[in-house]
Structure formats: C-alpha cells, structure tokens
Amino acid sequence: NTELTTLPSTADPTHPQKRSWVWVYFSDVDEQYIQCQFVDRLGKTCNKRLKKDQTGSTKGMSQHLHLLHHIANPKSISSPLAKHNTMDQYIHNLNPKETALVYFICDADLPLSITKSPAFRVLLELCNPQATNILVRRASLTAHLTNIYFYHQEFSRNYLLSHKIDVSFTTDAWTSPNITAYLAVTAHYIDMDFKLTSIIIGLAKIQ
C-alpha cells in the first residue's frame, strides 16, 4: 500500500540549511553524506546514504523519497488540488497529450516501453503525422504517471473525507502471470450522483 505522508514543511526552522520538508526523513552522517531514516510498515529503516549537494540543494533527497518511498512534498500535493473543483479539471491542465498516452498505456495494460516500438510509432504517424511529438522518454513518462497517481490518490482521499460517505471494504487476492501474489483492498461507495464507485485503496505484495 502506498501512502502520501503529510508532515510539517519545516524539519528544523532554526537551522538555515534544514528548512526543507525532506529533512524530516534524513540525518547527517558526516560532512559528505546524509542518511535516509524512513521507516517502512515492517519497521525497517531505509538507511540509504546520499552524497550531500555542495550547493545545499535538496533535489536528490526529494527524488529519493518520491521514487523509492512514494513520499511527496505535502504542499505540492494539496495546493494544486485546492485550485480545482474536480480531479478531471486538474488532470486536464496537465500536458494533455502526455496524459492521454499515460491513460492509454494503463487502460490497455501495456508496458511503458511501448513508446519505443517502431510499429507503435508508425501507427501514430498514420493517424496523425504530428503525433510522434507526444512520445517522450520513458523516464519522463514514468514521472508523469507517478504524479497522476499521487493526485488521484489524494483527490479520492479528500473526496471521501469531505463528503462523509459510507464506505464498505472488500479484499481480493490473486497471483500475477510471473507468480507474484498480491492482496488488494477496495473501497466501495455511492457517490453524490448515486453511482456505485469502487477504488483500490491498498495493494500489497504477499508471500
């Protein structure tokens, strides 16, 4: 299960170099290295060491938290949503072509590497000669997909909390084609338009 952690944006307001929210998860090792202190659900500490940025930048630290532990800056998550009435409105304001490509890949259960397929590129060019402009690097596409996931997650959470909707939960376990077992927790509720809606709120690998 992946969660967004909401913590104070300042870890040590008295220290001029440690005002960033990322310092909640890091400690100094020596003059050259810092160490991640994130603790997972099993009680295991990350302990990953990163080299200090001599300019004082915390970009490497935030990327580590974002990509490895799925933790984002609380301000970057809440502020954009506060300016939009619906998730669809926020998503619409992202790069529309790149967003459409992400939804296509997810809905069709395709690998991100599909963008490198010559046949896929030919198909796009036949539909629209300018369509190949949306084929971005895999790393960029992965980052875009992750951001969409984070915002969907936060929007769903805020929607359920703000509307005080009755929610029921179900669990389901299955094994993927590569023999990996998963357990999912799904929330079911009736929205304000009386439509039955189901969303996965937790997914964990199990033994």
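The values are calculated or read from the model by the stated rules, or taken from the named source; none is laboratory data. None of the values given here were measured: they were computed from a predicted structure. As a convention, Cβ positions derive from the backbone with ideal geometry for all residues, glycine included, and neighbour counts pool all protein chains shown.
In the set 189, 103, 182, which member is farther than 26 Å from residue 71 by Cβ and surrounded by 12 or more Cβ atoms within 10 Å (Cβ to Cβ)? Steps first, please.
Values: 103 fails: farther than 26 Å from residue 71 by Cβ; 182 fails: farther than 26 Å from residue 71 by Cβ.
Of the residues listed, the single one that is farther than 26 Å from residue 71 by Cβ and surrounded by 12 or more Cβ atoms within 10 Å (Cβ to Cβ) is 189.
Is it the case, given these coordinates, that residue 198 is under 23 Å from the mean Cα position of the chain (by Cα), surrounded by fewer than 15 Cβ atoms within 10 Å (Cβ to Cβ) and not charged (D, E, K, R)?
Working: under 23 Å from the mean Cα position of the chain (by Cα): yes; surrounded by fewer than 15 Cβ atoms within 10 Å (Cβ to Cβ): yes; not charged (D, E, K, R): yes.
Criteria met by residue 198.
Considering only residues that are farther than 18 Å from residue 200 by Cβ and of a type in the set (Ser, Thr, Tyr), look in region 142-179 and name the one that is surrounded by the most Cβ atoms within 10 Å (Cβ to Cβ).
142
Starting from region 170-197, keep only residues that are in the same structural domain as residue 153 (by TED's automatic domain parsing), then list their pairs with residues that are among the basic types (Lys, Arg) and outside any strand (DSSP E or B) whose Cβ atoms are within a distance under 7 Å, requiring at least 6 positions of separation or different chains.
The qualifying pairs do not exist here.
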